[in-house]
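These notes are about the structure you will find just below.
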Amino acid sequence: MKLVIGLGNPGRKYAFTRHNVGFDVIERLASRHGAEPWRRKFDAEIAEALIGGERALLMRPQTLMNRSGQAVQAAVAFYKLPLEDLLVVCDDFNLPLGRLRIRTEGSSGGQKGLQNITQLLGTQEIARLRIGIGPVPTEWDAADFVLGKLTRAEQSAIAPLIDRSADAVRCCVERGVAAAMNEYNALPAEAPSGDNE
């Protein structure tokens, strides 16, 4: 079974913020793939779905972002999942809006939820799909920016990006992370640049 974790902050206060695009992708996947009803377990909302014939557990941790690793660690232990079957979906203010970046390992890049997951699991070798929401305007603090509501222009840009991110997750599940990196790390309609950073 694959475990696909979308990162965000729970509650109405954080809805439609830049930091919650991971939640949005998980919602899209649940809708597309006929997931079972959401249930609470591991301090998270979880739902099973079949993605391309593969069983996947979709997860939205319900701790605050900075403690996302608690839910992930509990699910990994309960299901005895190998870490190569995990995929974390999260925002990244270091990437420009509209850019996706899939990697099999690496630092958190300042994403506190991803950082907490790698710390609690004891490895940076966790596949992740990072969704560009940047850049942070020079007059903004990064924390205020990610917790800010999407502007109308950003909402228009984010909608197709959520769809493309859901496509990328499906590719990871069906064909593997390497195939997804080759297909989705380039901008849409852009020849791959070889930049897999």
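Taking the criterion of being over 20 Å from GLY176 (Cα atoms) and not small (Gly, Ala, Ser), the residues of the range 124-142 that qualify are ILE133, PRO135, VAL136, PRO137, THR138, GLU139, TRP140, ASP141.
With respect to the conditions (1) part of a loop (DSSP other than H, G, I, E, B); (2) farther than 22 Å from ARG28 by Cα, ILE117 lacks only one, and its number is (1).
I'd like to know if the range 86-93 contains one or more residues that are open to solvent by 10 Å² or more (accessible area, probe 1.4 Å) and farther than 19 Å from ASP24 by Cβ. There is no residue in the range 86-93 that is open to solvent by 10 Å² or more (accessible area, probe 1.4 Å) and farther than 19 Å from ASP24 by Cβ.
Selection of the range 120-169 for residues being within 20 Å of PHE23 (Cβ to Cβ) and assigned to a loop (DSSP other than H, G, I, E, B) yields ILE126, LEU147, GLY148, LEU150, THR151.
Here's the yes/no breakdown for (1) polar (S, T, N, Q); (2) open to solvent by 40 Å² or more (accessible area, probe 1.4 Å); (3) closer than 27 Å to ARG175 by Cβ:
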site: LEU3; (1), (2), (3): no, no, yes
site: ASN9; (1), (2), (3): yes, no, no
site: ALA44; (1), (2), (3): no, no, yes
site: GLU48; (1), (2), (3): no, yes, yes
site: ALA56; (1), (2), (3): no, no, yes
site: PRO61; (1), (2), (3): no, no, yes
site: ASN66; (1), (2), (3): yes, yes, no
site: ALA77; (1), (2), (3): no, yes, no
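May I ask you to verify whether ARG170 is modelled with pLDDT of 90 or more, closer than 18 Å to VAL89 by Cβ, touching a strand residue (DSSP E or B) at 6+ places or on another chain (Cβ under 7 Å) and charged (D, E, K, R)? Yes: the conditions hold for ARG170. Against the list (1) over 20 Å from PHE23 (Cα atoms); (2) more than 15 Å from the chain's Cα centre (by Cα), the condition GLU105 fails is (2).
The values are calculated or read from the model by the stated rules, or taken from the named source; none is laboratory data. All values derive from a computational prediction rather than experimental measurement. FYI the Cβ positions are ideal-geometry reconstructions off the backbone, even for glycines, and counts take in every protein chain you see. Accessible surface is based on the protein model in full, side chains and every heavy atom, while ligands, DNA and RNA are left aside. Shrake-Rupley method; radii C 1.70, N 1.55, O 1.52, S 1.80 Å.
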